[in-house]
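Novice: Once you've had a glance at the structure underneath, I'll fire off some questions.
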Amino acid sequence: MPSFMNTLGAVSRRGQWRFRHVFRGADERGRLDISDAGLIDFSTCTEVLLTVTARAPHRGCWGNLDPEPVMSASLAGGTLIVSNPGLVEAVFPAGSLLDLHPGLYDVRVSVTIGPETEEIFCEPVEFA
């Protein structure tokens with residue numbers, strides 16, 4: 001059985017889910033910079049997008065097809081908040097998770113600056 005670290009924990013499908021994450025960069029030695037200088041500045045991003053997709057049933061692989069997101073929040077859509085520096089937050093209200101099947105999902109955050117988009121976060125969450 002494969003193992004993983006579920007850093008986001010388990011979330012009840014019956015309640016509100018608040019995704020809140022502080023993003024930090026690396027220091028000059030390549031280690032996580034826990035000082036205020038290490039907080040990532042999102043002010044140049046034209047978009048910050050959070051998506052939640054079903055986790056693949058076999059070793060995290062869907063083959064050549066990526067599943068469609070079952071939930072999302074975006075800076076452009078006003079459903080995701082960025083508090084500079086470093087904090088990204090989205091709230092999914094009570095009732096919005098009831099249609100999801102219990103199980104593991106992947107939470108991804110991507111940022112767009114100019115013409116480039118990069119995924120900066122990918123962690124599992126369990127909806128119970």
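Novice: Among the listed residues 86, 114, 95, 103, which satisfies the condition of being touching a helix residue (DSSP H, G or I) at 6+ places or on another chain (Cβ under 9 Å) and over 16 Å from residue 51 (Cβ atoms)? It would help to see each step written out before you state the result.
Specialist: Details: 114 fails: touching a helix residue (DSSP H, G or I) at 6+ places or on another chain (Cβ under 9 Å); 95 fails: touching a helix residue (DSSP H, G or I) at 6+ places or on another chain (Cβ under 9 Å); 103 fails: touching a helix residue (DSSP H, G or I) at 6+ places or on another chain (Cβ under 9 Å).
That would be 86, the only listed residue that is touching a helix residue (DSSP H, G or I) at 6+ places or on another chain (Cβ under 9 Å) and over 16 Å from residue 51 (Cβ atoms).
Novice: Okay, next question. Quick check, is residue 27 open to solvent by less than 70 Å² (accessible area, probe 1.4 Å) and without any contact (Cβ under 8 Å) to a residue 60 or more places away in the chain?
Specialist: Numbers: open to solvent by less than 70 Å² (accessible area, probe 1.4 Å): yes; without any contact (Cβ under 8 Å) to a residue 60 or more places away in the chain: yes.
Yes: the conditions hold for residue 27.
Novice: Please go through the stretch 91-114 and pick out each residue that is in a strand (DSSP E or B) and open to solvent by 30 Å² or more (accessible area, probe 1.4 Å).
Specialist: Scanning the stretch 91-114 gives 91, 104, 108, 113.
Novice: For the stretch 66-90, name all the residues that are open to solvent by less than 50 Å² (accessible area, probe 1.4 Å), assigned to a loop (DSSP other than H, G, I, E, B) and over 17 Å from residue 125 (Cβ atoms).
Specialist: 86
Novice: Which of (1) within 19 Å of residue 10 (Cβ to Cβ); (2) loosely packed, with under 15 Cβ neighbours inside 10 Å is the odd one out, the single condition residue 124 does not satisfy?
Specialist: (2)
The values are calculated or read from the model by the stated rules, or taken from the named source; none is laboratory data. Here the structure is a predicted model, which is why all the values come from computation and not from measurement. Because the Cβ atoms are built from the backbone with ideal geometry, glycine has one as well, and the counts that use them run over all protein chains shown. Heavy atoms of the whole protein, side chains included, go into the accessibility calculation; ligands, DNA and RNA do not. Shrake-Rupley method; radii C 1.70, N 1.55, O 1.52, S 1.80 Å.
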